[in-house]
Amino acid sequence: MQPNANHSSSVERAFELIGIVAAAGPQGIQLSGLAKRAHLAVSTCHRYATTLLDLAVLDRDAAGNFRLGIGLVALAGRYLEEDSLRATAHPHLVELSQISGETVHLGTLAGDHIVYIDKIESDKSVRLVSRIGAQAPLHCTSMGKAILAALPETDRERSIADDNEIRTPHTLVGDALREELNLIRTCGWAIDDQENEEGVRCIGAAIISTSGTPVGALSISAPANRFSRQDCELLAPQVTAAARDIGRRIG
């Protein structure tokens, strides 16, 4: 493949460094570790990191650890404010949370992952640990499976493999996952039966635009000991109705 003349390796490298810092979590990462993970000389990595610090994309604490900076928060906030999917879906998330008493998520597709872009927290004492901006695999989440089931077959097959990560003893891969997706296409909703995280059960549905393209998904999630498969099935009509209405409204 011929290289793209408009492709900037510097921009790509900068975003790679941002991704490494993000993956390091709240404890951050030292310059030497950042350079090692990015396969860069420390001096080169320092030059990139200094520019990102000046732009407030990265921050650095007194111990020298790099973390994500306030500049990214501002950009992410602006994106979320202007995102029509999030704005349209939010009232439905609130309603589903009130109906179920559980946590409701909104996600959008990003490669082979679902990214949480909105969340209504349950007011119950035992809650799920999740956050806006977090990613989860498609093949083992209710939102992800709902989106996979709605994709064209060629796109769907790219995300289905026998070597998909088995995150719990309940995770479906290969032909078992294909069979599950066939059922989801028939009924219009998906259950994550402790497939992504032990002790957590979810029901989700894809949000389909009027052009027939899955643009996101929503889900209700709760600890499995108080959220049975029967509970999921009872909520399925409300979940699918909300997803359909959001899809119709965003056009």
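Could you tell me whether LEU148 is in a helix (DSSP H, G or I) and in contact (Cβ under 8 Å) with a residue 12 or more places away in the chain?
Yes.
Can you pull out every residue in region 187-204 that is farther than 14 Å from PRO237 by Cα and either free of Cβ contacts under 8 Å to residues at least 12 places away in the same chain or of a type outside the set (D, E, K, R) (or both)? Even if it seems obvious, please write down each step before you answer.
Residues of region 187-204 that are farther than 14 Å from PRO237 by Cα, as a first pass: 192-202.
Those that are farther than 14 Å from PRO237 by Cα and either free of Cβ contacts under 8 Å to residues at least 12 places away in the same chain or of a type outside the set (D, E, K, R) (or both): GLN194, ASN196, GLY199, VAL200, CYS202.
Yes or no: ILE220 hydrophobic (A, V, I, L, M, F, W, C), over 19 Å from the mean Cα position of the chain (by Cα) and surrounded by 14 or more Cβ atoms within 10 Å (Cβ to Cβ)? For ILE220, the condition - hydrophobic (A, V, I, L, M, F, W, C), over 19 Å from the mean Cα position of the chain (by Cα) and surrounded by 14 or more Cβ atoms within 10 Å (Cβ to Cβ) - is not met.
Could you please find all residues in region 231-251 being more than 12 Å from HIS92 (Cα to Cα) and either of a type in the set (Val, Ile, Thr) or touching a Pro at 6+ places or on another chain (Cβ under 9 Å) (or both)? Once the filter is applied, which keeps residues that are more than 12 Å from HIS92 (Cα to Cα) and either of a type in the set (Val, Ile, Thr) or touching a Pro at 6+ places or on another chain (Cβ under 9 Å) (or both), region 231-251 yields only ILE250.
Taken as a whole, region 18-25 holds at least one residue that is of a type in the set (A, V, I, L, M, F, W, C) and surrounded by fewer than 10 Cβ atoms within 10 Å (Cβ to Cβ).
Going by the conditions given, is SER159 farther than 30 Å from LYS124 by Cα and exposed (fewer than 13 other Cβ atoms within 10 Å of the Cβ)?
Judged against the criteria, SER159 is not a match.
Only one entry in SER84, SER97 is closer than 25 Å to ILE207 by Cα, at pLDDT 95 or above and polar (S, T, N, Q), namely SER97.
The set of residues from region 219-242 being small (Gly, Ala, Ser) and within 22 Å of LEU109 (Cβ to Cβ) comprises SER219, SER221, ALA236, ALA241, ALA242.
Of the residues making up region 99-114, those that are aliphatic (A, V, I, L, M), surrounded by 17 or more Cβ atoms within 10 Å (Cβ to Cβ) and over 15 Å from SER159 (Cα atoms) are VAL104, LEU106.
Condition check: in contact with a helix residue (DSSP H, G or I) (Cβ under 7 Å, 6 or more places away or on another chain), within 12 Å of ILE147 (Cα to Cα) and among the basic types (Lys, Arg). Does ARG185 satisfy that? Answer is yes for this residue.
Being in contact with a helix residue (DSSP H, G or I) (Cβ under 7 Å, 6 or more places away or on another chain) and either within 18 Å of PHE227 (Cα to Cα) or assigned by TED's automatic domain parsing to the domain that holds ALA87 (or both) is true for just one of ALA149, ALA134, ALA176. Which residue is that?
ALA149
Among the residues of this structure, ILE191 counts as one that is in the same structural domain as SER122 (by TED's automatic domain parsing), in contact with a Ser or Thr (Cβ under 8 Å, 6 or more places away or on another chain) and not in a helix (DSSP H, G or I). Taken as a whole, the condition of being within 20 Å of GLY111 (Cβ to Cβ), crowded, with 19+ Cβ neighbours inside 10 Å and either free of Cβ contacts under 8 Å to residues at least 40 places away in the same chain or not small (Gly, Ala, Ser) (or both) applies to ILE207.
Given ARG47, ARG78, ARG67, ARG60, which one is more than 30 Å from SER228 (Cβ to Cβ), of a type outside the set (Phe, Trp, Tyr), at pLDDT 90 or above and exposed (fewer than 13 other Cβ atoms within 10 Å of the Cβ)? Full working, then the answer.
Numbers: ARG78 fails: at pLDDT 90 or above; ARG67 fails: exposed (fewer than 13 other Cβ atoms within 10 Å of the Cβ); ARG60 fails: exposed (fewer than 13 other Cβ atoms within 10 Å of the Cβ).
Answer to the check: ARG47.
The values are calculated or read from the model by the stated rules, or taken from the named source; none is laboratory data. Quick caveat, the model's predicted, so the values are computed rather than measured. Every residue, glycine among them, receives a Cβ derived from its backbone with ideal geometry; neighbour counts consider all protein chains shown.
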